[in-house]
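Here's the structure, in C-alpha cells; my notes come after.
The values are calculated or read from the model by the stated rules, or taken from the named source; none is laboratory data. Computed from a prediction, not measured in an experiment: that's the story for all the values here. Using ideal geometry, Cβ is built from the backbone for each residue, glycine included, and neighbour counts are taken over all protein chains shown. Just so you know, the surface numbers come from the protein's heavy atoms only, side chains and all, with ligands and any DNA or RNA stripped out. Shrake-Rupley method; radii C 1.70, N 1.55, O 1.52, S 1.80 Å.
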Amino acid sequence: MVKRPTWGPILVWLLSVCFVVIAYLALMFQWWPDFQPLYPLELVFGTATEWLFGL
Amino acid sequence: MRKEQISRYQLILLLIWLTMGTGVLVIPSVITEFTVTDAWMAVPSLFVGGLLSAGIARVHVKKFPNLRVTGALLATAGSAIGNVLIIWYVSVVFVVGTVVAREFTLFVTMVSLPYTSETAVAVIGCASVAYIAYVGIESFARANEFIVPLAAVVLPLLILLPLTLCDVHQFYPVFSSGWLPVWKASIVSMFVYGLEFSLAIQLVPNLRSPEKLPNDIVIAASISTVLILIVVLLTVGVFGYTVRYLQYPVLELIRVVRIGRFIERLDTIYGIAVLMTIISKLAVIHLAMCTGIQDLCKTRDYRWAVLPTGTAMFVGGLYFYRNVAQMAYFIEHVGPSYLLFTVVGVPLLGLTLQRVRFHLKRRARKGG
C-alpha cells in the first residue's frame, strides 16, 4: 500500500499562501519608508563581514 | 514524468551568464571603489571563488551523485534539521534573487525607461522569469544557446572599439597603496560572485553528466574571469580615476565609442545583452529556489511554486532595497559572509550532523 503524504500538501498550500502574502505585504510597505526587513541579516552578517574581511 | 536534462555545454553557458548577468554591472564599480590603478589584480579572485565552488561541487557529486543541495541536506541532517537547513538555503536563494531582481529594475529604469514605474518593469521581468522557470530548464538551456552566436558577433566589437581610447598610463603607479585595497576589492568577486557558481549543485539531477560538474564550474569561472578582466582593463584604461563616479562604468565606456558619424550609441546593444543575461541569471536562481521548495514539500513537481515565489522575489527586491545605496551596501557588506556561511558552512553542518547521527546509531546498536 502506497503511503500518502500527510504534511506535504498542507505545507505546499501554506507556502504558496505565505509567498503571495509576502508579495502583497511588501506592496503595502511602500507607505512605510523605514521598512527594513533585512536588518537582522545586515546586523549579523555585516558584523561578520567586517570581522572576517575588514570591509 | 521524463526528467529534464541539459548538456555540459548548456550548463557552462548558464554558469557564465550567472556571473556575467550582474557581474558586468557590479564588479567593475565595486573593485574600483577600493583601487583603480590595481583594479585588474582583484579580478582573478572571481576564479578563486569559482574554484571554491568547484571544490564544494566535487565533494557533493562524489557523495550524492543524483541529489540536489536540498536533497543532500535532507540525507545528511535527517528530516527535522534537514528541513530547517533547506528553509535556510531557500531563504538565501530568495534573498539573492531579490538583489538580482532589484538590479534588473534599477538597470532598466536608470538606463532605458526613466519615466516608467519600477513596479511595471518588475511585473514584466517577473512574467519573463516565471515563464522560463515554468517551461523548465531543458527548453531554457536550449534557447540560451541562441545567445552565443549573438555574443560572438557583438562582444569583439564592444571590446575592440573602446581599445582605441585606452591609455596604459592609467594603470600606473602599480601598488600605489599596497596589497590591502586589492584584497578588499577582491572580497565581493570572490565570495559573492565566485560562490554563486555553487547554485549549479542545485541542478545536479538535471545534468547529463553530473560527475563533470566541478570541471564545468572551473571552465565557466575561467571564461567569466577573462571577460570581467577585459571589462575592468578597458574601463580603467579609458576613464582612469573618473570610473569611481560612474554608476555603470561599462555602459559609459560603450557610450563614448564613436567612429565618425556612422557608429555611435552602441549602448543599446549592450543594454539588450545585459537584460538577456540578467533574465537568464534570474531564471537559474528561480529554478534553484523552486526545486528547493519542491524538496521541502516533497512534491512531484516544482511548477506550483513558480508564480508565488517569482512575484515575492521581484516585489521583495523593490522594498528590501529602496535605492542603489541600500542594495550596494547589502552586496558589499552582508553578501560575502552571508554566502560563505550558506555555501560552505551549511553543508559542513549537514556533514557533521551525519557523522554524529552515524556514531549515535552505531553506539545504540552496540548497546542493544
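When every residue of region B:358-366 is checked against the conditions, none turns out to be surrounded by 14 or more Cβ atoms within 10 Å (Cβ to Cβ) and either part of a helix (DSSP H, G or I) or at pLDDT 90 or above (or both).
Please work out if B:Gly71 is in contact with a Ser or Thr (Cβ under 8 Å, 6 or more places away or on another chain) and farther than 22 Å from B:Phe330 by Cβ. Spelling it out, it is not the case that B:Gly71 is in contact with a Ser or Thr (Cβ under 8 Å, 6 or more places away or on another chain) and farther than 22 Å from B:Phe330 by Cβ. Looking only at residues in region B:75-90 that are surrounded by 21 or more Cβ atoms within 10 Å (Cβ to Cβ) and aliphatic (A, V, I, L, M), the one that is modelled with the lowest pLDDT is B:Ala77.
Going residue by residue through region B:192-211, is there one that turns out to be buried (at least 24 other Cβ atoms within 10 Å of the Cβ) and of a type in the set (Phe, Trp, Tyr)? Yes.
If only one of B:Gly316, B:Gly292, B:Gly350 is small (Gly, Ala, Ser), open to solvent by less than 10 Å² (accessible area, probe 1.4 Å), more than 15 Å from the chain's Cα centre (by Cα) and at the interface with chain A (Cβ under 10 Å from one of its Cβ atoms), which one is it?
Numbers: B:Gly292 fails: at the interface with chain A (Cβ under 10 Å from one of its Cβ atoms); B:Gly350 fails: at the interface with chain A (Cβ under 10 Å from one of its Cβ atoms).
The match here is B:Gly316.
Among the residues making up region B:110-128, those that are in contact (Cβ under 8 Å) with a residue 24 or more places away in the chain, open to solvent by 20 Å² or more (accessible area, probe 1.4 Å) and more than 16 Å from B:Gln247 (Cα to Cα) are B:Glu118, B:Thr119, B:Val123, B:Ser128.
Matching residues to (1) part of a helix (DSSP H, G or I); (2) under 16 Å from B:Val343 (Cβ atoms); (3) touching a Phe, Trp or Tyr at 6+ places or on another chain (Cβ under 8 Å):
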{"site": "B:Lys3", "(1), (2), (3)": "no, no, no"}
{"site": "B:Pro28", "(1), (2), (3)": "yes, no, no"}
{"site": "B:Thr37", "(1), (2), (3)": "no, no, yes"}
{"site": "B:Trp40", "(1), (2), (3)": "yes, no, yes"}
{"site": "B:Val48", "(1), (2), (3)": "yes, yes, no"}
{"site": "B:Asn66", "(1), (2), (3)": "no, no, no"}
{"site": "B:Val92", "(1), (2), (3)": "yes, yes, yes"}
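Screening the candidates B:Val100, B:Val148, B:Val108 for the property of being in a helix (DSSP H, G or I) and out of contact with any Ser or Thr (no Cβ under 9 Å at 6 or more places or on another chain) yields one hit, B:Val148.
Among the criteria (1) touching a helix residue (DSSP H, G or I) at 6+ places or on another chain (Cβ under 8 Å); (2) under 16 Å from B:Ala39 (Cα atoms); (3) open to solvent by 10 Å² or more (accessible area, probe 1.4 Å), the one B:Pro249 does not fulfil is (3). Filter region B:217-238 for residues that are among the small types (Gly, Ala, Ser) and buried (at least 22 other Cβ atoms within 10 Å of the Cβ); which is nearest to B:Val204 (Cα to Cα)? Residue satisfying both the conditions and the ranking: B:Ala220. Within region B:149-185, the set of residues being aliphatic (A, V, I, L, M), under 22 Å from B:Glu252 (Cβ atoms) and open to solvent by less than 90 Å² (accessible area, probe 1.4 Å) comprises B:Ala151, B:Val154, B:Leu155, B:Leu157, B:Leu158, B:Ile159, B:Leu161, B:Leu165, B:Ala185.
Whether any residue in region B:258-269 is at the interface with chain A (Cβ under 9 Å from one of its Cβ atoms) and surrounded by 15 or more Cβ atoms within 10 Å (Cβ to Cβ) is what I want to check. First the steps, then the outcome.
To start, the set of residues in region B:258-269 that are at the interface with chain A (Cβ under 9 Å from one of its Cβ atoms) comprises none.
Taking every residue of region B:258-269 in turn, none turns out to be at the interface with chain A (Cβ under 9 Å from one of its Cβ atoms) and surrounded by 15 or more Cβ atoms within 10 Å (Cβ to Cβ).
Of the residues in region B:297-310, at least one is without any contact (Cβ under 8 Å) to a residue 12 or more places away in the chain and on the phi > 0 side of the Ramachandran plot.
Any chance region B:281-288 includes a residue that's within 14 Å of chain A (Cβ to nearest Cβ) and either within 22 Å of the chain's Cα centre (by Cα) or at pLDDT 90 or above (or both)? Let's see the steps before the verdict.
Step one: filter region B:281-288 for residues within 14 Å of chain A (Cβ to nearest Cβ), giving B:286.
Filter again for either within 22 Å of the chain's Cα centre (by Cα) or at pLDDT 90 or above (or both), leaving B:286.
Yes, because at least one residue in region B:281-288 is within 14 Å of chain A (Cβ to nearest Cβ) and either within 22 Å of the chain's Cα centre (by Cα) or at pLDDT 90 or above (or both).
Per the listing B:Val226, B:Val231, B:Val250, the residue uniquely without any contact (Cβ under 8 Å) to a residue 12 or more places away in the chain and either within 22 Å of the chain's Cα centre (by Cα) or at positive phi (or both) is B:Val226.
Right, B:Thr342: part of a helix (DSSP H, G or I), more than 8 Å from chain A (Cβ to nearest Cβ), of a type outside the set (A, V, I, L, M, F, W, C) and without any contact (Cβ under 8 Å) to a residue 24 or more places away in the chain or not?
Here the answer is no, as B:Thr342 does not meet what is asked.
Taking region B:295-313, which residues are more than 7 Å from chain A (Cβ to nearest Cβ), open to solvent by 40 Å² or more (accessible area, probe 1.4 Å) and farther than 24 Å from B:Ser79 by Cα? Once the filter is applied, which keeps residues that are more than 7 Å from chain A (Cβ to nearest Cβ), open to solvent by 40 Å² or more (accessible area, probe 1.4 Å) and farther than 24 Å from B:Ser79 by Cα, region B:295-313 yields only B:Leu307. Can you tell me which residues in region B:319-329 are of a type in the set (A, V, I, L, M, F, W, C) and more than 7 Å from every other protein chain (Cβ to nearest Cβ)? Within region B:319-329, B:Val324, B:Ala325, B:Met327, B:Ala328 meet the criteria. The condition of being within 30 Å of B:Asp301 (Cβ to Cβ) and either more than 8 Å from chain B (Cβ to nearest Cβ) or modelled with pLDDT of 70 or more (or both) holds for only one of A:Gly8, A:Gly46, that being A:Gly8.
Checked against the criterion of being more than 21 Å from B:Tyr321 (Cβ to Cβ) and surrounded by fewer than 21 Cβ atoms within 10 Å (Cβ to Cβ), region B:95-109 has no qualifying residue.
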